[in-house]
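Report on one structure; see the data block that follows.
Just so it is clear, none of the values below were taken in a lab; they were calculated from the coordinates. These numbers were taken from a predicted model, which means no experiment stands behind them. Note that each Cβ is placed from the backbone with ideal geometry, even for glycine, and that neighbours are counted across all protein chains shown.
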Amino acid sequence: MLQKVLSGAIGRIRPIDRARAAELVLRFTLSAATASLRLFGSFSPFGAAFAASAKVGAAGAVSLFGAAIGYALSGDVPMMVKYLAILALVRVTFLALRSTEAAESKWFPLAVAFVSFALVGFVYAFDEGFGVRAAALYLTECFVGAGSVLFYRVALSSYTEAGESRVSHLACLGYLAATAFAGIAEPMIFGVLSVGHTLALLAILIAVFKSGVGMGCIAATVLGAAMDLQAGTAGVFAMTYALAATLGGIFRKSGRLIFLLSFVCADAIGVVWSFSITRSAQPLFDAFAASVVFMLVPDYILSKIGAIFPLRASNYGFSRARDYTSRRISLSAEAFTILADTAGAVSRGDAAEDPAGVYDRATETVCRGCKSEIRCWQLDYADTYDILNHLTPKLTGEGRIVPGDFPDRLTERCSRIGWLASEINSEERALRLRRRFRAGIEENRLSAAGRYGDVAEVIRSLGRELSGGIKVEPALERKVVRALSAMSIDGSAAVFRLGRGRLRIEIKSESLPKLRRQENWLEAISKSVDCRLREAESTDPTRLILLSAEPLTVSMGAAVQAKRGSRVSGDSFSGFETDTGAFCLVISDGMGTGEAAAKLSSAVVGSMKRFTCAGIAPELSLRLLEHAMFLRSEAEVETSTVDYLSVDTFSGTAALTKRGAPASYLKRGENVKKLGSSLFPTGISAGEKSNSASFSITSGDEIIMVTDGITQGSGEDWLIESIRAHSGTPQQLADRILASAKRKTEFDDDMTVVVVKVAAL
């Protein structure tokens, strides 16, 4: 009977949760360790704060018990009573209010701890006379105790559960480690090794080895400062630990042994420097013991611990994402290429679609059942076909025949000759309609094939730009941020290279007006990236865009005159710069004059500008634009000339692309060179290639572009002489050419002159 009772009782005992048990043991240990930290004689709020950070339940109970043990071991009865009173007040408040809505707030433990420290601490401060020191310690204890509750609570939660960033969570973990290690700094092993110092040095070794000098030095400074506060050594441990972390971090990639030797040697140097203050070589023994333990820790454990440190982001993910996107774009381009090839494939024609088929279908209808059918199509078969073949020239030429066109030898025996002529004419008309319909389909098929090919080329060009056009420069970003910091500007920077290696810097800051008020701010940023920069336009007042300065600069002058009797010029133009360092100019002369022509030419210029800024070649842009203009109106054909200039201000090359535009002129010194024209305007010349020309430019060169209203009816000799004789600004030359054109023409067309001048910076 007793055996059955015992078996039933044992069966009802829940199996031990090892993870939960380990957590409770850890909480007990940390609570006792933080309670043992004693500062300024009787200042020790950390154990009470740690216990207050735990929720009601087993975690709260073991934390309370651990803090009580820690305070009891201190040997200071008044201090023990004080903090046990604070602990009792905190736990009673938690138990009394645990079912309320306020207890669910993350600020509830902090508020309870602050009130508890304030109430109990006031009694002790009042007993000491509330002097300056007592009042300062009282206020400090209230705020440090309440703040420690928040830090400990975040540290013992996962950073996602705590709602904090990874860095904030790591900082709270560092605070917990510093107070815990400092609390057990006094217990000595064999009288020479400090448990707290050894654990602190082991933590620093792991931080340096897994995260580098930056994180290691932060950990060394925090833990060293905690040890200095506990021992009253005024920065000795912080200096020694930071020196060891710095030198060790330099050699952390050289293997564990070299890393540990450099760490211990640096620690020994710090011990020697501070020996006159500490009169102890104990930190050297602690460093040696920590290095031995570190050497024995398996790699997989180091990796798990190192995972808590934030890693520096690399550009590999961005690079792979860019390559993946580029590949997807290339596949899309290939798909459109296949569609273009499929749509453009030549199909076999219908064998029946010829004059013989016309006769076959007509005689099949008329001659079937005729009394002369056997004679015509069996006995005199060759003669019948010979008669029909002789009718073919007239049928195909005039589109019809009459009964009188047949020879007498056929009309004498055929009683259905009128019906036969009518049926042949009907089949001929049907044949012509089918041919016209198929011609339209063929035209649409070829047009669709061309459009698919153009779209494929657009997508392919975007893929090429994405795969090789942009390169992020994180090292330069850090240099720019440092340069801004040196000028007391708080901001972030993005630095990357565009096509052909041009540097682009985007600075985001609310202090840009302050930056611009400083002298030589642009030179300072240029010096930081070792590249001469210039400011680009930005519509965002908090964003500054800088680009690599071009070796060549471009200035422009323009003069426009509408046709006599018209208020609006049908010509449009636009000069603009691209991100890659090219200056582009587009001039368009719309068909006719007035508002309709202006609207058309403006649309052409706007489309060409957007295509260019998207990285699409001008020839391809013109093909896309031409197709759109064909679709624009079925009632009438709309045309517009395109005169396109691109000047590469880095390489010193220029290119002209013309569709229906008159010649342009290159002025170099006193020499004037004519640059060719194109006959067909956009909208008429389907499939016609543009007239393109490339040439080199140097500082001082001028390119003069005009619409046909300038030279209409007056030739171009006077224009060339005016260009050769001029030596002023681009605007003066444009005004001079327009004034001369007004005297030589009768304002029969809109007139536009644009002069582009290249100069070295």
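Table for the structure above
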{"read-out": "Gyration tensor over alpha-carbon atoms, segment 187-312, equivalent ellipsoid semi-axes in Å", "value": "23, 15, 14"}
{"read-out": "More than 16 angstrom apart: percent of Cα pairs within segment 471-548", "value": "44 percent"}
{"read-out": "Ascending count of other beta-carbon atoms within 10 Å, so fewest first, for S116, S602", "value": "S602, S116"}
{"read-out": "Karplus (6.51, -1.76, 1.60) ³J(HN,Hα), θ = phi - 60°, over segment 603-615, in Hz, Gly and Pro reported as x", "value": "5, 5, 5, x, 5, 4, 5, 5, 4, 5, 5, 7, x"}
{"read-out": "Computed over segment 499-636, Cα set: Rg, Dmax in Å", "value": "20.1, 62"}
{"read-out": "Within straight-line cross-link reach of K514, lysines at Cα separation under 29 Å, skipping those fewer than 8 residues along the same chain", "value": "K479, K527"}
{"read-out": "Residues whose placed amide H lies under 5 Å from that of I710, excluding near-sequence neighbours", "value": "T752"}
{"read-out": "FRET efficiency estimate (nearest 0.05) - Cβ-Cβ, A739 to S574, R0 22 angstrom", "value": "0.40"}
{"read-out": "Shape call, segment 39-119: gyration tensor on alpha carbons, a/c limit 1.5", "value": "prolate"}
{"read-out": "Total charge dipole magnitude, segment 187-312, about the Cα centre, Cβ charges on Lys, Arg, Asp, Glu only, Debye to nearest 20", "value": "340 debye"}
{"read-out": "Packing-based ranking, highest mean first, of 382-395, 238-251, 136-149 given that Cβ atoms within 10 Å are counted", "value": "238-251, 136-149, 382-395"}
{"read-out": "3J(HN,Hα) from dihedral phi, segment 522-536, Karplus parametrisation 6.51/-1.76/1.60, rounded to Hz, x for glycine, proline", "value": "5, 5, 5, 5, 4, 5, 5, 9, 6, 7, 6, 10, 9, 7, 9"}
{"read-out": "Cut-off under 5 Å, modelled amide H: who pairs with A549 long-range", "value": "R532, L533, R534"}
{"read-out": "5 angstrom amide H check on F43, placed H, neighbours 5+ away", "value": "none"}
{"read-out": "For segment 189-205, 3J(HN,Hα) per residue [Karplus equation, 6.51 cos²θ - 1.76 cosθ + 1.60, θ = phi - 60°, Hz, x = Gly/Pro]", "value": "9, 6, x, 10, 10, 8, 4, x, 5, 5, 5, 5, 5, 5, 5, 5, 4"}
{"read-out": "Contact order relative to length of segment 14-184, as percent, for alpha carbon pairs under 8 angstrom and 6 or more apart", "value": "27 percent"}
{"read-out": "Global geometry of segment 552-760, whether rounded, prolate or oblate, following the gyration tensor of its Cα atoms and the 1.5 cut on a/c", "value": "oblate"}
{"read-out": "For segment 16-56: rounded, prolate or oblate by the Cα gyration tensor [a/c cutoff 1.5]", "value": "oblate"}
